[in-house]
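Step one of this worksheet: look at the structure below.
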Amino acid sequence: MESSATATPVSQLSCFSSINRQLQIQRRSLVSFPHYRSRMQITMRLEGAGTETFSSESTRPSSYSASDSTIISSSTEGTVPGPSEPAIQQTRAAKIHDFCLGIPFGGLVLGGGIIGFLLSGNAKALGSGVLYGGALLALSILSLKIWRKGKSSLPFILGQAALSAALLWKNLQIYTLTKKVLPAGLNIVISAAMLCFYSYVVISGGNPPPKKLKSAAVVSS
């Protein structure tokens, strides 16, 4: 009876101790589970931030290359002219205008005829001087007016060249008859030089355009 009485308290104590252990284990698990859960959340957040940074870094080079390509394309479009852009047409022209020498030449011929008439009293010298000199002056002045309007003065240049050739032929005939250097020989040299000058202007493409019209053409193109 004494052994049975002592066994019951021992069994009760062992039951209480086992129940107490189970309760402590449950408390520990409940206490440690939030810490474990918080640790899992922290690690997941860190991993998510790492993937976001990696994805942003991986997308940066593509955006940079796209912006670079747009910048390069815009710069090349600004520097390289397209096929539709009009090219500036450079027209050929002489270095000097015909009237720059035509007006003095006409005045010299006119003055020479008048002086020849006054010295020798020859009416033929006066007539040829007035005819050729006046015609040269008129063509030169008309060429100047047409040039100022921006039009071609080629017909007037050709007219002056024809008059120079006629004067050259006339003075050659006079020189073969008189064999005098003055005035026939001097007129031959001047007429031949002016004929060469007018030929140069015609071959070069005519008079150079006025500066105002030339600058306006360059700006518009």
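Any read-out appearing in this document is the output of simple, stated calculations on the displayed coordinates, not a laboratory observation. Remember, predicted model here, so these are calculated numbers, not experimental data.
With 28 Å as the limit, the listed pairs Lys95/Lys145; Lys95/Lys151; Lys124/Lys151 have Lys124/Lys151 beyond it between alpha carbons.
Its alpha carbons considered, the range 98-220 gives a radius of gyration followed by a Dmax of 16.6, 60 Å.
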